[in-house]
Each structure stands twice: as C-alpha cells, then as structure tokens.
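Step one of this worksheet: look at the structure below.
Nothing in this text is a laboratory measurement; each read-out follows from the coordinates by a stated rule. It should be emphasised that the depicted structure is a prediction, and the values quoted were computed from it without experimental measurement. Note: ideal-geometry Cβ built from the backbone for every residue, glycine included; neighbour counts use all protein chains shown.
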Amino acid sequence: MSEIIRIENMSFEYERDEDREPVKAIRDLSLCVEKGSFTAIIGKNGSGKSTLAKNLNGLLLPTGGKVFVKGWDTADDEHIWDVRQTAGMVFQNPDNQLVSSIVEDDVAFGPENLGVDPVEIRQRVDKALSSVNMGEYKNKSPHLLSGGQKQRIAIAGVVAMKPECIIFDEPTAMLDPRGRQEIMDIIEELHDEGIMVILITHFMDEAVRADRIVIVNEGRIFLDGTPGEVFREYDLIKSISLDVPMAVELAQRLRKRGIKIPEDVITSEGLVEYVCQYR
Amino acid sequence: MIRDITLGQYYAADSPVHRLDSRVKIAGVLLYIADLFIVDDFIGFGLCAAALCLYVVLSQVPVKFIMRGLKPILLILIMTFCLNIFMVDGRILWQWGFLKVTDEGIYTAVFMAVRLILLIIASSLLTLTTKPIELTDGIEKLMSPLAKIGVPAHDIAMTMSIALRFIPMLLEETDKIMKAQQARGADFESGNILRRAKSLIPILVPLFVSSFRIAQDLAMAMEARCYRGGKGRTRMKEMRLKGVDFLAFFLMLAFLAVVISERVVF
C-alpha cells in the first residue's frame, strides 16, 4: 500500500444558524496522495483548501464521504490518535500553536502525549531541533523568537512525533520573506528524508517546488498534475483569478512576442537557464 | 509599562536555586509566606530579609530584574501605605482637618509595606528561577494525591502552564490594540479616572475576542499533536528529589523554627 491519504467523495459543510443554508466548503472531492510525495494544494481564500487540510487528520470530520489515513478511517474514534500521529500538522499562526514557554518542552509535548519513554523523548527532541537548525535555542522562550524561528519550532514539534506525513497549512503566510525561505528549505529537506509533504499555500513560487500541484476551487479539484502540467493551463488558472509563478507569467509574455519557450520551463532558474542559451 | 511585569517570566541561569526541585521551591515560598505572617517585629523582618538576600544571591538573578517586577505593584504599595498611615489610631504626631498621622500609623504602614515587598520578591523569585513547565509539574505532583478525591490535578496544571505561556502574548496583543487605536486618535492618558476607565473598553473587547481566537487555534494545535489529557502521558523531564532538595527543605523548616522562636523570645 503506497498511498497514505485517500479521500473518497468527501464533502464538508459548515453549520450556520438554523434559518440559513449551511456553507458547502468541500463538494464531492476525491484524492489519493502517495507515500513520500510532495503535493502542493493551492486555492484562493475561501476555496476550501484549509478545510480540506483539517479533514486530513480528523480535526474536522467530513459531513459526506470518507477520509482514510494509512487505511484508518478518520471518523473512527479508535484510531484517531494513530491518524494524528501519522499525519502531523503545522498551522499558519506560529504563535498560537506553541504550548510551552520553553522551546524544548514544546517539542517534547507531542511525544509526551504519545507516551514515549523519557529517554527516547530526549533523543527525539534533540534530533528534531537540530533538523530545523534550532538546537542552540532549546532553552529559550518562544515569545523571544522571530516568526520564522517559531514556525521552525512548530515543525520540530511535529517531526519529534515521527509522522509519515506532515500537512503544512499555509505555514509561511504570516512570515517575512526570509522566514518564508527558511521554512521552504526545511520543508524540502524533510521531503528529501522521506516524509510525505502536503503544502497548503497561496504562494505559487512555493507550489512550484512540489512534485504535484492540486488546485482547489469552490470546494472541488480544479486542476491536478505535475507543476509542468498544471501551469501549462495558463488561461484556465487565470480564469479563476489565481496567479501563476513569476517565471510562468514571464515565459507566457515572451511567447506572445514570438519567442518559443518550452512549456516545461516553470521555475525562475529554468527560465534563466533557457534565456541564457537562447539565440 | 506593559513589558515591566516579570511575574511569570523566567530568568535563565544555571544557579543552585534554578536546579532545585520545583516542589521544594513552591513549599519554600509557602513557608516563607508563613514566616512573614508569624513575624511581629522588625528583628524578625531583618531575619527574613537576610534569608531572602541569601536566596537572591544564590539564585544569580540580577537585582535590577527583581525590582522591575515590583514596579507594577508600586501603586498598591503606596495605597496601602497611605491607608495605614492615616487610618490607624495612636499618639497623634501631625493633624490637618480629618487627616492625622499617628506613631502607630507610621509603624503599621512601614510594617505592612516591608511585609508586602518581601512577599512579592519571594513569590516573583519562584517564577524567575523556575521554568513555568517545572512549576506546573511541581504543582501537579504536589496535588496528585488530591486526584484520588476527584481534583483534576493534571488539567489544572496544564491550564496554568498555558496561561503562563500566553501572558507575554496577550500583553503584546494589548500593546498592539492600544497602538492601533492611538493611531486613530484614541486617548488613554488624559481625563479623569472614569474617562480613562471608559477608554479601556475599546481595548478590552478586541482583546477578549482575540483571546478566544487564540484559544481555539491552540486547542486545535494541541489536538493535532495527540493531546488527550493526562492519561497515558509521559514526561521528558522526570522529577526526582535529590540530596540537595532535601537539604534545602530542611533549611527552610529550620528557618521557620527560627522565626517562631524569635517571636516567642522577643
């Protein structure tokens, strides 16, 4: 079984007051995500991408259809903790997800909840902190750290639980460009170590780094494929008022002027490479 | 002003006091408070102050840091001082209208102020030298016998440790809201007390709303990290009492005995 997450005809509605219609956030969505892959989920505000993320580890339960994590139904109370251990989650706001006022204690929070042996927790915490380059901050207080550093602590807290998959719910949305870059590098490193990554984002330049992109619009899958395949649909993406990466945009404009740039050029590096060799 | 409150803030250092088991430190503060209320003259306070000084030196916390924690309670200190000085009967030293200062009044006022200052310093030293998590672990351990009669010891400790984590954050939030409103012309500094109190309402409402939002986010993050109460939970740092801890506790008890005998003798 190589797929970790399997979503079958899932729908999700937010309840509102009795006299008003519930809001349909997700409508009949099916998706499988393979072990060890790096998938980016993109969508506008209100497209349902964050709701989808919270359904992946049982923080929200679908109102229709099923979500399976490693074969466990997220609606099954018996395995909910297995589900959450398998699929860790990093949230948007770095401040609101740290529990403890000491960095290393916060990282230990997850393993402590799992009932891991104290000696092993110590090892896991040290390893997780050094994997996000925050080892020297382990006795500091989170409120003295920058947003990017806090987000790295949050990632370490999830890594220490040894998940097979980490869901990042817009982890860079509240960070400055430098913090954003740090977090993206760490996400790529974790992926290289074999952890499956699902990155929810609205930054296209981050999504390009994934090996699969799923665009969600109005609670449905709008486009799904490799970055090359997805960004080929330049006009479709623009039609739901989403942006494309800067390099794709530039390549498209150059094409309009008669320069034949191949469609698999989607990153800035790729474009620079091509333009340099263009004659 | 908002950053001055040191209560609940940890001062990182590697001193003998920092290394002491938090249970001993909590017991120490409780005993010290008892000491302060047993004492009934300035000789006793001298002893208490000397003991506290020794504790401060051992803790390696800079005095400047401790004094910063006293600033916010300065107002309370002045108020109790004034109340005592004018309200207590005795030999009248100075009188103006209904205001009178008596020798008893001065004595009581100074007495109370000293007691209050020592009390605050001792309790803020507890939080300055003990990581909040150790503190709440200590409280949890001290309360664990009560769990058998239905006291949710773990939950209380968890609630407290989260409160400690979010105090600096809520202060920052308050600062942010105040600045945002000052930028739009809000005035928190002028006017009488009633007006100033009224101008706080637009701060408290958004603060209240945002703390609910934070609580919701945090609850979700904790659930995502498999938090399910105290059951089946292990700890990275297990608490074990060492020889030093027993020694410190013995010294604290001995000091209590000294204070009691001082009161009996003098």
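Of the chymotrypsin sites (Phe, Trp or Tyr not before Pro) found in segment B:39-115, the ones in coil according to DSSP and having at most 11 other Cβ atoms within 10 Å of their Cβ are B:F98. Here the simple spin-label model places points 7 Å from the Cα toward Cβ, and for A:N45 and B:N192 these points are separated by 4.4 nm. For segment A:20-95 versus segment A:234-279, the spacing of their alpha-carbon centroids is 32 Å. Stretching the chain fully between B:D40 and B:K71 yields a gain of 8.6 nm (0.36 nm per residue, less the alpha carbon separation). With R₀ set to 41 Å, the beta-carbon distance separating A:V272 from B:E172 gives a calculated FRET efficiency near 0.50. Phi angles across segment A:252-264 convert, under the Karplus curve 6.51 cos²θ - 1.76 cosθ + 1.60 with θ = phi - 60°, into 3J(HN,Hα) values of 4, 5, 5, 4, 4, 8, x, 8, 8, 8, x, 6, 7 Hz, Gly and Pro given as x.
Helical content alone sets the calculated 222 nm signal of chain B at -24500 deg cm²/dmol, taking -39,500 (n - 2.57) per DSSP H segment of four or more residues and averaging over every residue. Hydrophobic, long helices, defined as DSSP H runs whose alpha-carbon span along the helix axis is 27 Å or greater and whose mean Kyte-Doolittle value is at least 0.5, occur in chain B at B:103-129, B:193-224, B:243-265. Can you give the FRET efficiency for B:Q216 and A:D77, using 1/(1 + (r/R0)^6), R0 = 25 Å, r = Cβ-Cβ distance, to the nearest 0.05? My answer for the efficiency is 0.70. Taken along the Cα-to-beta-carbon direction at a fixed 7 Å, the label points for B:F98 and B:F86 span 0.9 nm. The Cα atoms of chain A give a gyration tensor whose axes a ≥ b ≥ c have a/c of 1.5 or more with a/b no greater than b/c, which makes the shape oblate. Cross-link reach is defined here as a Cα-Cα straight distance under 29 Å, omitting same-chain residues fewer than 8 places apart; for A:K238 the lysines meeting it are A:K24, A:K44, A:K49, A:K54, A:K256, A:K260.
Computed from the C-beta positions of A:E34 and B:Q60, the FRET efficiency with R₀ = 56 Å rounds to 0.55.
Counting, for every residue in A:104-112, the Cβ atoms of other protein chains within 10 Å of its Cβ and taking the mean gives 5.
Inter-part distance, segment B:54-132 to segment A:155-177, computed on C-alpha centroids, equals 48 Å.
Once you have a ≥ b ≥ c as the square roots of the Cα gyration tensor eigenvalues for segment A:55-186, tell me rounded if a/c is under 1.5, and otherwise prolate or oblate according to whether a/b is larger than b/c. Taking the square roots of the gyration eigenvalues as a ≥ b ≥ c, segment A:55-186 is oblate.
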